[in-house]
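Enquirer: Quick one: this structure, given as structure tokens, is what I'll be asking you about.
The values are calculated or read from the model by the stated rules, or taken from the named source; none is laboratory data. Since we're looking at a predicted model, the values are computed, not measured. Note that we place each Cβ from the backbone using ideal geometry, even for glycine, and neighbour counts take in every protein chain shown. Side chains included, ligands, DNA and RNA excluded: accessible areas come from the protein's heavy atoms. Shrake-Rupley method; radii C 1.70, N 1.55, O 1.52, S 1.80 Å.
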Amino acid sequence: MRKFFTALVVIPIAVIFLVFAIANRRLVTVSFDPFNSTDPSVGVKLPLFLVIIVVAILGVVAGGVATWFRQRHWRRAARLHEAD
């Protein structure tokens, strides 16, 4: 039953990612040069869907790390409580 529910969630998400990737496959220039955006010295051409998905993944990871650091007080208190 659990595999069924996993498939029920994963398959639609995979289809959404696939449709998103097909609709946004145009190349965009990601520039790391804030002073010269017309001719960047450090720039990469990537598909738009890849840029958006990578930024979303980095946002989720950054949020998870921030939450983990913010909750260290409660983790420490729980460990001290278990030691008693």
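Enquirer: Any idea how many residues of region 10-24 are β-branched (Val, Ile, Thr), over 16 Å from the mean Cα position of the chain (by Cα) and surrounded by 10 or more Cβ atoms within 10 Å (Cβ to Cβ)?
Expert: 4
Enquirer: Can I ask one more? Residue by residue through region 29-52, note down the ones that are open to solvent by less than 70 Å² (accessible area, probe 1.4 Å), outside any loop (DSSP other than H, G, I, E, B) and modelled with pLDDT under 90.
Expert: Answer for region 29-52, where residues must be open to solvent by less than 70 Å² (accessible area, probe 1.4 Å), outside any loop (DSSP other than H, G, I, E, B) and modelled with pLDDT under 90: 30, 31, 43, 44.
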